[in-house]
Amino acid sequence: MAVIKTLGQFIIEKQADFPYAKGELSRLLRDIGIAAKIVNREVNKAGLAEILGDAGTVNVQGEDQKKLDVFANMQFISALTSGGECCIVATEEEDEFVPIDSPVSKNAKYIVCIDPLDGSSNIDVNAAVGTIFSILRRKSVEGMATLEDVLQKGTEQVAAGYVIYGSSTMMVYTTGKGVNGFTLDPSIGEFCLSHPDLKVPEEGYIYSINEGNYVHFPEGVKKYLKYAQAEDAATNRPYTSRYIGSMIGDVHRNLIKGGIYMYPTTSSSPKGKLRLMYEGNPMAFIIEQAGGTASDGFNRIMDIVPTELHQRVPVFIGSKKMVDKIEELMKEYSPENNLNAPAEKTLEQLNIVGGID
Ligand code: AHM
Ligand code: MG
């Protein structure tokens, strides 16, 4: 009989990969796992409880909040506050980041950016929703951490993960050494290692996009969709289209089966809909660690320098060859869509003027 390994056991085992680690990151991941179990319990009884439905408040992006969004947000903030390993929680549901001003936490090393309940419009119809998190190490060394501590590039993440509350509940995370998935066994209330060392196939045949927005897509995306729908036996086209409308659900499926998830700019979301800090970066870290690619159509998502907490980003993420193809078409047909092009380097920065010979 196979031996079950719980998330807690796995985290402790992996701590040995980081010889100088004092266990703070492990405790932080454990705190997130515990809060996720509580949120899972509520999500699973959503159809029964009165909690279902709009909370009547609107979040910073002007979208209606569902009651479970509010519940999940509170739950994660409270778990991270009492855990003591995190000095700031930045959440998609709050206008400003939440500093944790307790004697233990204010000097804590880590910052957590979190989308507590992504895809929450799916709750009412019993489709997959999830939590996405990104963990950063604070840059400043003392006092209260600041916005500058939060606004770090995706490449600086020390860990990232998601929890999918689907037909079963899973936690998938990376600390930069591959990606592992844990399925919640409700009979023992533990996440158990079920998908070790996940790898996204290099070539995929599934594309996920809200095609209802077709008319508003950049030309490069329109060309990609025509390419995906064209018949070509050699490349296994036409591809299959699958779109749940829950990023975690779509990306999780594509991670396992191969595929691409896309949320480009549209006329109503000229910078894209998804948020760099809560959705783009953590999903990019996971997919890259699984061997895939994450791009804004031109640039690696994790290289984008964030300037605002709730910054949006176009997202093309999944199997490497599929993302390469969309980048090729974006460059050819929609160069004006390159919103995050790195600033041109000056000659001085390039060390050409009076520099090295
Ligand atoms: P949310 O954070 O408000 O839930 O929005 C993010 C979600 C993604 O999970 C999903 O892929 C996308 O929005 C769906 O958007 P649309 O309904 O425009 O297709
Ligand atoms: Mg979201």
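The values are calculated or read from the model by the stated rules, or taken from the named source; none is laboratory data. Predicted model only: the values in this text are computed from it and were never measured. FYI the Cβ positions are ideal-geometry reconstructions off the backbone, even for glycines, and counts take in every protein chain you see. Just so you know, the surface numbers come from the protein's heavy atoms only, side chains and all, with ligands and any DNA or RNA stripped out. Shrake-Rupley method; radii C 1.70, N 1.55, O 1.52, S 1.80 Å.
Selection of first residues in the stretch 86-112 that are of a type in the set (Val, Ile, Thr) and of second residues that are in a loop (DSSP other than H, G, I, E, B), restricted to Cβ pairs under 6 Å at least 6 apart or on distinct chains, gives the following pairs, ordered by first then second residue: ILE88/PHE97; ILE88/ALA145; VAL104/GLY84; ILE111/ARG138. Within the stretch 113-127, the set of residues being within 17 Å of ASN73 (Cβ to Cβ) and outside any helix (DSSP H, G or I) comprises CYS113, ILE114, ASP115, PRO116, LEU117, ASP118, GLY119. With respect to TYR227, is the statement that it is away from ligand 1 (no atom under 16 Å from the Cβ) and surrounded by 16 or more Cβ atoms within 10 Å (Cβ to Cβ) true? Spelling it out, TYR227 is indeed away from ligand 1 (no atom under 16 Å from the Cβ) and surrounded by 16 or more Cβ atoms within 10 Å (Cβ to Cβ). Quick one: which residue in SER140, SER187 is in contact with an Asp or Glu (Cβ under 6 Å, 6 or more places away or on another chain), hydroxyl-bearing (Ser, Thr, Tyr) and in a loop (DSSP other than H, G, I, E, B)? Criteria check complete, one pass: SER140. Inspect all residues belonging to the stretch 66-82 and state whether any of them is assigned to a strand (DSSP E or B) and modelled with pLDDT under 80. Yes, some residue in the stretch 66-82 is assigned to a strand (DSSP E or B) and modelled with pLDDT under 80. Annotation note: of VAL150, VAL125, the sole residue that is assigned by TED's automatic domain parsing to the domain that holds ALA79 and either open to solvent by less than 10 Å² (accessible area, probe 1.4 Å) or in contact with a Pro (Cβ under 8 Å, 6 or more places away or on another chain) (or both) is VAL150. Pairs please, first residue from the stretch 230-257 and free of Cβ contacts under 8 Å to residues at least 40 places away in the same chain, second anywhere and basic (Lys, Arg) and within 16 Å of ligand 1 (Cβ to nearest atom), Cβ atoms under 9 Å, 6+ apart in sequence or on different chains. So the pair list comes out as ARG242/ARG253. Please indicate, with yes or no, whether at least one residue in the stretch 239-256 is open to solvent by 60 Å² or more (accessible area, probe 1.4 Å), in a loop (DSSP other than H, G, I, E, B) and within 16 Å of ligand 2 (Cβ to nearest atom). Checked the stretch 239-256: at least one residue is open to solvent by 60 Å² or more (accessible area, probe 1.4 Å), in a loop (DSSP other than H, G, I, E, B) and within 16 Å of ligand 2 (Cβ to nearest atom). Going residue by residue through the stretch 257-265, is there one that turns out to be out of contact with any strand residue (DSSP E or B) (no Cβ under 8 Å at 6 or more places or on another chain) and more than 16 Å from ligand 2 (Cβ to nearest atom)? Looking for residues that are out of contact with any strand residue (DSSP E or B) (no Cβ under 8 Å at 6 or more places or on another chain) and more than 16 Å from ligand 2 (Cβ to nearest atom), one finds at least one in the stretch 257-265, hence yes. When the stretch 91-122 is filtered for residues that are closer than 25 Å to ARG312 by Cα, open to solvent by 20 Å² or more (accessible area, probe 1.4 Å) and away from ligand 1 (no atom under 13 Å from the Cβ), the ones remaining, listed by number, are GLU94, ASP95, GLU96, PHE97, VAL98, PRO99.
Counting the residues of the stretch 296-309 that are part of a strand (DSSP E or B) and over 17 Å from ALA343 (Cα atoms) gives 0.
In the same structural domain as ARG275 (by TED's automatic domain parsing), open to solvent by 60 Å² or more (accessible area, probe 1.4 Å) and at pLDDT 95 or above: does that describe VAL221? No; evaluated as a whole, the condition is false for this residue. Would you be able to say whether some residue in the stretch 302-315 is within 12 Å of ligand 1 (Cβ to nearest atom) and open to solvent by 10 Å² or more (accessible area, probe 1.4 Å)? Within the stretch 302-315 (the criterion being within 12 Å of ligand 1 (Cβ to nearest atom) and open to solvent by 10 Å² or more (accessible area, probe 1.4 Å)), the answer is yes, since at least one residue qualifies. Only one of the listed residues (HIS216, HIS195) is more than 16 Å from ligand 2 (Cβ to nearest atom), open to solvent by 50 Å² or more (accessible area, probe 1.4 Å) and closer than 23 Å to GLY297 by Cα. That residue is HIS216. Checking every residue in the stretch 180-187 against the condition of being open to solvent by less than 10 Å² (accessible area, probe 1.4 Å) and of a type in the set (Val, Ile, Thr) gives zero matches.
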